[in-house]
Amino acid sequence: MTSALIYSRITGTGSYLPTNKLSNADLATLLAKDGIETSDEWIVERTGIRNRHFAAADQSASDLALPACVSALQAAGKVAGDVDLIICATSTPDMVFPSTAAILQHKLGQFYEQKSTIDGMESAQNATKSIADKSIAGCPAFDVQAVCSGFVYALTVADAMIKTGAAKCALVVGTEVFSRILDFKDRTTCVLFGDGAGAVVLEASSEPGLLASELHADGKHVGVLCTPGTVSGGQILGDPTLKMDGQAVFKLAVGVLADVARSVLAKAGKTEADIDWLIPHQANIRIMLGTAKKLKLPESKVIVTVADHGNTSAASIPLALDHGVRSGQIKKGETLMLEGVGGGFTWGAVLLEL
Ligand code: UT7
């Protein structure tokens, strides 16, 4: 008799950063052309960011998500046809509609059907391994919008769907092209963000898996971090670039991150000492290490990738997770605390065993 599949478990991770990499010095030179002053020293000292990657003009959020998903599928030993759910966390979708997840589903289908190569990965190799005769077309696919908490939200929704039996093999992806919504005349925001994508394959399992999670939002803080412009009748109304009161976001973030982590630990019957790795949203090294300190975790237990890609919003947690796994830092069986915070104001955390 087979045991019931009541848990969800990450079986593969992947990520992608666009090839166009800008150092702080590169960005400072670019901004100086418009008389805007910034420096490598200021950015590193205040944020820990050293580089960011910007998508090419013809690359959209779904284009960045595609190689991240293929990489995660390869790691899980799966192909597109095995996937029965796609949830995409993004605040910079390809279109107002349809969802980036639906567009990604089609691109994944095409990639595997045409047995093509992307970013050095061949779909043909994988296609022979698994259930290649099934199509990804038809599976549910939708976006989740919770800004920088988006991946934690998406993972929690996918976990719930797997636990109800609605899905067995989900692709959960965070993908962003924040370079498209930056105001390059505002040095307080444009130096902070970058583009990228990260993905996981989440499968039904008889063993945990995701142990506990918690999500929050408080809409009264909408003004501290927003992109207020809207599209109406084919016209952009208002300002479509990102606005942030950095200090207000900083204070809100520091206030909630340790609390939500503790609450999730309590739900799972665990303590801070059980955390092998803290994988926070990669926005500012000071917030990340401040949270670790509150949780009595040494810096050596925090996965830090913010230096290499800046704040990639919903993509930052799966990017850091994939880096941790592929670099050999994170090992199978270890306990991970993922936590995000961002516009909305939203925040949340997921505790899982890899
Ligand atoms: O993804 C969602 C989560 N988002 C975050 O977590 C962001 C949270 N906030 C932060 O990370 C920080 O508040 C920032 C990195 C945005 C700013 O750091 P800060 O230590 O709070 O700096 P500040 O805003 O107090 O600015 C200090 C000074 C100001 O000059 P004065 O008024 O002291 O003369 C700014 O004008 O730094 C100046 N400044 C800059 N200088 C050089 C602001 N931006 C820059 C810049 N280069 N890019």
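The values are calculated or read from the model by the stated rules, or taken from the named source; none is laboratory data. Fair warning: this is a prediction, and the values are worked out from it, not measured in the lab. Cβ placement follows ideal geometry from the backbone for every residue including glycine, while neighbour counts extend to all protein chains displayed. Ligands, DNA and RNA are excluded from the accessible area calculation, which covers all protein heavy atoms including side chains. Shrake-Rupley method; radii C 1.70, N 1.55, O 1.52, S 1.80 Å.
Would the stretch 140-162 turn up any residue that is among the small types (Gly, Ala, Ser) and modelled with pLDDT under 95? No, the stretch 140-162 contains no residue that is among the small types (Gly, Ala, Ser) and modelled with pLDDT under 95. All told, ILE36 meets the bar of being in a loop (DSSP other than H, G, I, E, B) and in contact (Cβ under 8 Å) with a residue 40 or more places away in the chain.
Scan the stretch 167-181 for residues that are closer than 18 Å to LEU225 by Cβ and either in a strand (DSSP E or B) or touching a Leu at 6+ places or on another chain (Cβ under 6 Å) (or both) and the total you get is 4. Number of residues in the stretch 169-187 that are touching a helix residue (DSSP H, G or I) at 6+ places or on another chain (Cβ under 7 Å) and open to solvent by 40 Å² or more (accessible area, probe 1.4 Å) equals 3.
Scanning the stretch 322-349 for residues that are in contact with a helix residue (DSSP H, G or I) (Cβ under 9 Å, 6 or more places away or on another chain), open to solvent by less than 40 Å² (accessible area, probe 1.4 Å) and over 20 Å from ALA253 (Cα atoms) yields ASP322, ILE330, THR335.
Within the set GLY35, GLY48, the sole residue that is open to solvent by 50 Å² or more (accessible area, probe 1.4 Å), modelled with pLDDT of 95 or more, more than 18 Å from the chain's Cα centre (by Cα) and within 16 Å of the ligand (Cβ to nearest atom) turns out to be GLY35.
Residues of the stretch 7-32 that are within 16 Å of the ligand (Cβ to nearest atom) and in contact (Cβ under 8 Å) with a residue 24 or more places away in the chain: LEU22, SER23, ASN24, LEU27, LEU30, LEU31. Within the stretch 236-266, the residues that satisfy the criterion of being loosely packed, with under 15 Cβ neighbours inside 10 Å, more than 11 Å from the ligand (Cβ to nearest atom), closer than 21 Å to ASP183 by Cα and not charged (D, E, K, R) are ILE236, LEU237, GLY238, PRO240. Number of residues in the stretch 188-235 that are open to solvent by less than 30 Å² (accessible area, probe 1.4 Å), in a loop (DSSP other than H, G, I, E, B) and either under 30 Å from GLU334 (Cα atoms) or modelled with pLDDT of 95 or more (or both): the value is 4. Summed over the stretch 289-306, residues that are of a type in the set (A, V, I, L, M, F, W, C) and within 20 Å of SER327 (Cα to Cα) total 4. Of all residues in the stretch 132-161, those being polar (S, T, N, Q), more than 18 Å from VAL177 (Cα to Cα) and surrounded by fewer than 19 Cβ atoms within 10 Å (Cβ to Cβ) number 1. Against the criterion of being open to solvent by less than 20 Å² (accessible area, probe 1.4 Å) and part of a helix (DSSP H, G or I), SER300 does not qualify. Screening the candidates ALA68, ALA89, ALA61, ALA80 for the property of being out of contact with any strand residue (DSSP E or B) (no Cβ under 8 Å at 6 or more places or on another chain) and surrounded by 21 or more Cβ atoms within 10 Å (Cβ to Cβ) yields one hit, ALA80.
Every test in (1) under 14 Å from the mean Cα position of the chain (by Cα); (2) away from the ligand (no atom under 15 Å from the Cβ) is passed by GLY269 save one, and that test is (1).
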